[in-house]
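What follows is a short report on a single structure.
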Amino acid sequence: MAEREFSFWDKKAETMPRNEIETIQLELLKKQVENALLTPFYKERLTKVGITSPNDIKSLDDLKRIPFTTKHDLREVYPYGLLAVPHSEIVRVHASSGTTGTPTVIYLTAKDVDMAADTMARGLAAAGCNRYDTCQNMMTYGLFTGGMSFHYGAEKLGMTVVPTSSGNTLRQIKFMHDFGTSVTHATPSYMLHLHQAMKESEYKREEFKWRIGISGAEPYSEQLRNKMEQELGIEVYNCYGMSELNGPGVAFECQLRQGMHVWEDRYIMEIINPDTLEPVKDGEEGELVMTILCRDAMPLLRYRTRDLTHVITEPCACGRTHRRIARFTGRTDDMLIINGVNVFPSQIEEVLLKAKGVGANYLIVVDKKGDLDKLTVQVEVTPEVFADDARVLNNLRDTLKSEMQALITINPAIELKEPGSIPQAETKAKRVNDLRPKD
Ligand code: ADP
Ligand code: ZN
């Protein structure tokens, strides 16, 4: 049987021997440490552990001397506390969807933008996309990296990119039909929603050229992938990223679709036990910690992603030497991902605590409505408000709704409840009821 041909963007870099990857990692880590020492934040952190020059990093083992960086740290240095180049070098800024109050920001030089696009192009080529494809990006454009960062990578690969952004499903379907879209980028929940709408549309499946769906930004199971592949008649590829690490494309599935390759000449990956903070044994589950090697503007050393996964230890038959990680099984914090948008329960609480007329208890309910996630906030009101007329209640509902939408960017349903009607837990209050099926 003839050996299967796999597609590559930069075959040499993607298949180089492990020792070459490690040589590049060490060289780039030193450069990142040099850069980091230019920022007050890392200068203080690194000096404390005796690292005052890149020459203090003699082997990759020295990485372990560097303290972890957390999302909290990024918020503390908002907006430009990790800037390692003159401000005039910055050509783009992105921010993550939602953290309590202060967003986490990243900034990029022109070279950084190009590197991020190149990394994304690698992933897209690994998934079998090429310059003859038309790619519709259904992730929200704006501060969120799923829009532009993906877009630049898709263009770099040479695809025809249709930047429809999210929403407006009927228009998405029309464009998919009229432009002959063969590749889509969307969250798994949106893919299913889109498919349902497609079935109800005036078009037949065979009128579409759709063959590949890139899907990420939120967890989904292997069963859901299989369901999408069967029902949609396409191949679905898992893609992982986060804005702090330049956005989607940090890890990408190849055509074998058995775990995501992490581009290890551009990121150093560690998997740690989130309690002891020690590395886990090869192949054991733990928290992914990433050091970015391909960004000049903003160093990020040993960043705790909070995402739980494990390394797939066997080499991949596609020939890539960059290791793979498995589907994520959860997070080590309470962050919810609702239709791809990150929401922390504390953000919802922040709005409730500020509002007048809100009572003692609340409950965040996440459920599915059709294929999409639905967020409902049940809120007890005070006895005074409860006794007041409907106008007062309606005003309170509208205020809570618009303030939450402003903070978390998604529109929740607000259910105002009679005082004492939300059961009070005896110990730690249960604030989140996630009813979404695990598939
Ligand atoms: P984005 O959602 O564009 O990837 P954000 O910074 O808004 O970027 O969110 C990052 C978080 O989204 C990750 O830390 C992870 O929890 C989740 N995430 C992203 N991609 C995936 C994926 N393929 N599978 C599971 N979770 C994912
Ligand atoms: Zn592979």
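Side notes on the structure shown:
- An ellipsoid equivalent to segment 146-246, defined through the eigenvalues of its Cα gyration tensor, has semi-axes of 21, 17, 12 Å when rounded to whole angstrom and sorted largest first.
- Translational D in µm²/s for the chain (Stokes-Einstein at 10 °C, 1.306 mPa s, Kirkwood Rh from C-alpha pairs): 68 µm²/s
- Remark: the chain carries a charge dipole of roughly 360 debye about the Cα centre, counting +1 on each Lys and Arg Cβ and -1 on each Asp and Glu Cβ.
- Reachable aspartates and glutamates from LYS12, criterion Cα separation under 13 angstrom, eight or more residues apart if same chain: GLU20, ASP265
- Dipole magnitude of segment 273-386 about its Cα centre (Cβ charges: Lys, Arg +1; Asp, Glu -1), debye to nearest 20: 440 debye
- Across q = 0.12, 0.18 Å⁻¹, segment 336-434 modelled as identical point scatterers on its alpha-carbon atoms has Debye log10 I(q)/I(0) values of -0.37, -0.83, in the order of the q list.
- Carbon-plus-sulfur accessible fraction, segment 139-257 (probe radius 1.4 Å, protein heavy atoms only): 52%.
- Note on the chain: GNM, Cα springs under 10 Å; of VAL93, VAL262, VAL183, the largest mean-square fluctuation is that of VAL93.
- For segment 176-236, applying the loop criterion from DSSP together with a ceiling of 13 other beta carbons within 10 Å to the GluC sites (Glu not before Pro) yields GLU202.
- With contacts taken as Cα pairs under 8 Å at a separation of at least 6 residues, the chain carries a relative contact order of 15 percent.
- MRE, 222 nm, helices only [DSSP H, n ≥ 4, -39500 (n - 2.57), over the chain, to nearest 500]: -9500 deg cm²/dmol
- The per residue volume of the convex hull around the alpha-carbon atoms of segment 207-280 is 134 Å³.
- Per residue, in Å², the accessible surface of the chain once ligands and nucleic acids are set aside, probe 1.4 Å: 45 Å²
- Most mobile listed residue (TYR141, TYR203, TYR362) in the chain, GNM with C-alpha springs under 10 Å: TYR203
- Dipole axis of segment 107-196 (+1 Lys, Arg; -1 Asp, Glu on Cβ), positive-most option in ALA121, GLN136, MET148: GLN136
- Here's the picture: charge each Lys and Arg Cβ at +1 and each Asp and Glu Cβ at -1 in segment 208-329, and of LEU301, MET290, LEU232 the one pushed furthest to the positive end of that dipole is LEU232.
- Sites listed here are trypsin sites (Lys or Arg not before Pro) in segment 310-415 whose DSSP assignment is loop and whose Cβ has at most 10 other Cβ atoms within 10 Å: LYS356.
The values are calculated or read from the model by the stated rules, or taken from the named source; none is laboratory data. Predicted, not measured: the structure shown is a model, and the values here were computed from it. Glycine gets a Cβ as well: all are built from the backbone with ideal geometry, and neighbour counts include every protein chain shown. These area figures cover heavy atoms from the full protein model, side chains too; ligands, DNA and RNA do not enter into them. Shrake-Rupley method; radii C 1.70, N 1.55, O 1.52, S 1.80 Å.
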